[in-house]
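A short write-up of the structure that comes next.
The values are calculated or read from the model by the stated rules, or taken from the named source; none is laboratory data. Please read these numbers as outputs of a predicted model, since none were measured by experiment. Ideal geometry is used to build each Cβ from the backbone, glycine not excepted, and the neighbour counts take in all protein chains shown.
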Amino acid sequence: MKTSKNDTKRVFLKKGACSHTFFYILNREFGHLKDDAEKASDPLSGGLDQEGYQCGMLWGAALGAGAEAFRKYEDSSLATAQAVTATQSILESFIRRTGSANCAVITDCDFNSKFGLAKYLLSGKPIKCFMLADKWAPEAIESSKKGLSKALPELSDTPVSCASEVVKKMGGNLEESVMVAGFAGGMGLSGNACGALAAAIWMITLRKVKDDNYKFVMNDPETQKLKELFLEETDYKMECRKICGREFKTIGEHTEFINQGGCGRLIDLLGKM
């Protein structure tokens, strides 16, 4: 497929959020725009609802790769595993470019405080984010294609993503559950900020978008309530590796963990939102 022209900075200005920008860019590249789903990714910017973890560009790109995995593979289980593999490829590409996956490291700003946001705006960092997006966009597209085409290892069990399980419990359809599959294990099994939480935030926002009741605001009350319940359940841990007490080397390890009840209470809690 011919790669689209790189107009990332213009798209970024129009869409407003880095997560929205990259979800749109990948969907456009693959020829299937999904306006509602793309808008719903806005709160994933700022490192997961301004928490400073994985850059919103990564969350958006992972959603785009998941959407294409669903279209590319008839078997949703295979699509789930391929979405995780593609997200790993995207994450590796981004870290090669930036040296870190995390928004707080890249921007050196705390978006949860008014002072931190003001510092970000006055320091010229938004321009650096625009430049980063512009440079990384072609690499994001290429790495997603590479990951989506990579041969999978033989799997003994049907692949499972914690994020997909949350979306299913929240009433999401099969396509939506595969879109978030790459969030598994802290995004691409990296052990970083919880992908199940990100999936729940996306689903809450998607409902509002579908109901024509969405306007992006920082510190959305419903999202803040979700995060408070999440943190209470996880003993105020946000990262997957700390919540689970381990990292996952393969989708098979992650599947086994979930099938044996790992994070079961947390998935149920998020799924009720």
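Within region 126-172, which residues are of a type in the set (Gly, Ala, Ser), touching a helix residue (DSSP H, G or I) at 6+ places or on another chain (Cβ under 7 Å) and loosely packed, with under 13 Cβ neighbours inside 10 Å?
Ser156, the sole residue that qualifies.
Please tell me if Gly185 is crowded, with 24+ Cβ neighbours inside 10 Å, in a loop (DSSP other than H, G, I, E, B), within 17 Å of the chain's Cα centre (by Cα) and touching a residue at least 24 places away in the same chain (Cβ under 8 Å).
yes
What pairs come up if the first residue lies in region 92-114 and is closer than 26 Å to Ile141 by Cα, the second is among the aliphatic types (A, V, I, L, M) and outside any helix (DSSP H, G or I), and their beta carbons are under 7 Å apart, counting only those six or more places apart or on different chains?
These pairs meet every condition: Phe94/Ala101; Ile95/Ala101.
Could you grab the pairs with beta carbons closer than 8 Å, sequence gap of 6+ or different chains, first residue in region 4-25 and free of Cβ contacts under 8 Å to residues at least 60 places away in the same chain, second one polar (S, T, N, Q) and part of a helix (DSSP H, G or I)?
Filtered contacts from region 4-25: Val11/Thr21; Lys15/Thr21.
I need every pair where a residue in region 146-159 that is within 13 Å of His254 (Cβ to Cβ) has its Cβ under 9 Å from the Cβ of a residue that is at pLDDT below 90, sequence separation at least 6 or different chains.
Pro159/Leu152
Output the number of residues of region 78-104 satisfying the condition of being within 18 Å of Gly191 (Cβ to Cβ), charged (D, E, K, R) and touching a Phe, Trp or Tyr at 6+ places or on another chain (Cβ under 8 Å).
0
Can you pull out every residue in region 209-243 that is touching an Asp or Glu at 6+ places or on another chain (Cβ under 7 Å), more than 20 Å from Lys272 (Cβ to Cβ) and not aliphatic (A, V, I, L, M)?
Phe216, Arg241
Return the pair list, or none, for Cβ contacts closer than 7 Å from residues in region 198-220 that are more than 21 Å from Glu239 (Cα to Cα) to residues that are acidic (Asp, Glu), at least 6 apart or on different chains.
Pairs found: Thr205/Asp42; Leu206/Asp36; Val209/Asp36; Lys210/Asp36; Phe216/Asp42.
With (1) of a type outside the set (A, V, I, L, M, F, W, C); (2) surrounded by fewer than 23 Cβ atoms within 10 Å (Cβ to Cβ); (3) closer than 24 Å to Glu165 by Cβ as the list, and Gln54 as the residue in question, which single condition is left unmet?
Every condition holds for Gln54 apart from (2).
Which of the residues belonging to region 221-242 are crowded, with 18+ Cβ neighbours inside 10 Å, more than 21 Å from Thr87 (Cα to Cα) and hydrophobic (A, V, I, L, M, F, W, C)?
Those that are crowded, with 18+ Cβ neighbours inside 10 Å, more than 21 Å from Thr87 (Cα to Cα) and hydrophobic (A, V, I, L, M, F, W, C): Leu226, Phe230.
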